[in-house]
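The values are calculated or read from the model by the stated rules, or taken from the named source; none is laboratory data. Given the structure is predicted, the values throughout are model-derived calculations rather than measurements. Glycine gets a Cβ as well: all are built from the backbone with ideal geometry, and neighbour counts include every protein chain shown.
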Amino acid sequence: MSKNKLISNLEKLSRKEMTRFKEFIFSPYLNKHEEVRRLVAYISEVYPRLDEKKCSKEHLFKSVFDRGKYNEKLLAPVLTYTQRLLEQFWAYEEFKEDHYFQRYIYLRQLRTQQAFGSYERLFQELHENHKPSPCLGADQALMRYMLAGEGERYWSQYNKSNFENYFQRRQEELDVFYLTEKLKDACEALFRQEVRRDEWAPRLAEAVLQEIEQNLDSYRRVPSIITHYMVYRMLSGNDPTYFQEALEVFRVHEGNFTKAEVSELYNQFKNYCLIRINQGDQAFLDKLFELYQYQLDRGLLLEEGVLSEWNYKNIVAAGIRLRQFDWVRKFIEDYKDSLTPEFKDNAYRFNLASYHLAMEEHHEAMLLLREVEYSDLRYNLGAKTMLLQSYYELQEYEPLFSLTESFRQLLMRDKTMSENFRKGYYNLFRFTRKAAYLRSRLEYLTAEKAMQELERLKSSLTKTSEVFSRAWFESKLTALAKEI
């Protein structure tokens, strides 16, 4: 039996949040319904065991009314009203963290109440804290835009003479915010086109780019615009020197961005490195690893002490490819407990399997891979690639041939993967299968015949641009030539 909406939402609260929600419910200003208080008091008492045994509608009804036979018509409005209060609670929890917005709302109320002296003092305070400056990001521009709009309304409404200044300022701040956000969306669209089958592009992006290019000298003084413009140029062009130019511009202005914005921008640089690496430009592997180490050293990869499982995976992969094995092994252990608890075991096993595979400890890798849950496509693709490599190294050809067939079917079924990713994985498995088939028949072929097949395989590989794990496969062909 499925849980009702209220119970499902309350399960997501921490113990501290549940306690605060109960206090919220018991506030006479916010809630005057005694039935709702009794319901939340009961749920708080049995939390976190909000299962069917404790929170069936019959149990909830009894906790509220404590009399008579279960009546859906009596319970339903209590559940509905409690859900509305939960929504208000979540909104309040978010609102109380945004100190600027609280002050802004207070400012609006002062205008509405015509408390002119208090209004002008608070307006001046907020204006001083958010002075117009090109050295601030899009979020700051949005705050200044809102404040300028409020100032314009106040001075216009009460016939003040200098409201025109705020009209002009509001337009300037809107330009900074709008152009920056459009550039960010254009960058994201380019990345999605590369890794997914997503050809959609933001409307007006071309007009924004044209505006910036025609007035580039002016926009160089606005860090949020020039930085994102350089990132867009990096992502859209084929010149790898754009990467270093964009990174240098960003590093100059890094202090002007919020931590969240810094993280987003580093993600753009890392994504570009991954794209270049997948295209065969191995020089970007060093650049990618340097970016990760720079962020790790400064704590920029941790969000409230938590490391993303995908950053964990990508750092391990980069370190292994650079043969930094001791560093990787230490990193896997050092940051294991920084992962989100629900993903920790899966991520740890997957990455430890990657390490063992790199150390040519294939049996250990395969044992760990059997315990990995393939709930995410990235784990599925990565695990199957590791199994492919292990089967090849251990000369277990039947499982390898079976794996390549099942993987081909997976690629055919999945419609979300970009064509470049599909080709990269397909070609890796196709070529590895051919190499394995040749290797399995060496004792039955003459050296001349085997070498002819190997040369055809090498020639085919040279003509194919999209092949993931190319360096690994090329090393296997070199080893195979020695076996012949």
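What to note about this one:
- Flag for Glu333 being surrounded by fewer than 19 Cβ atoms within 10 Å (Cβ to Cβ) and not in a helix (DSSP H, G or I): no
- Some residue of the range 191-201 being modelled with pLDDT of 85 or more, at negative phi and surrounded by fewer than 17 Cβ atoms within 10 Å (Cβ to Cβ): no
- Of the residues in the range 297-304, not one is assigned to a helix (DSSP H, G or I) and in contact with a Lys or Arg (Cβ under 7 Å, 6 or more places away or on another chain).
- The residues of the range 440-466 that are of a type in the set (Ser, Thr, Tyr), within 43 Å of the chain's Cα centre (by Cα) and closer than 25 Å to Glu396 by Cβ, listed by number, are Ser440, Ser460.
- Options Asn271, Asn238: the member that is of a type in the set (S, T, N, Q) and free of Cβ contacts under 8 Å to residues at least 60 places away in the same chain: Asn238
- Residue ID - farthest from the chain's Cα centre (by Cα), chosen from residues in the range 12-44 that are surrounded by 13 or more Cβ atoms within 10 Å (Cβ to Cβ) and not in a helix (DSSP H, G or I): His33
- Yes/no for Arg121 being modelled with pLDDT of 90 or more, outside the structural domain of Phe26 (by TED's automatic domain parsing), in contact with a helix residue (DSSP H, G or I) (Cβ under 7 Å, 6 or more places away or on another chain) and under 21 Å from Met146 (Cβ atoms): no
- Checking each residue in the range 21-58 for being among the β-branched types (Val, Ile, Thr) and free of Cβ contacts under 8 Å to residues at least 12 places away in the same chain picks out only Val46.
- Leu235 at pLDDT 95 or above, in a helix (DSSP H, G or I) and closer than 21 Å to Glu188 by Cα: no
- Here the range 56-87 is the region considered, the condition is being outside any helix (DSSP H, G or I) and of a type in the set (Gly, Ala, Ser), and the residue that is nearest to Thr19 (Cα to Cα) is Ser56.
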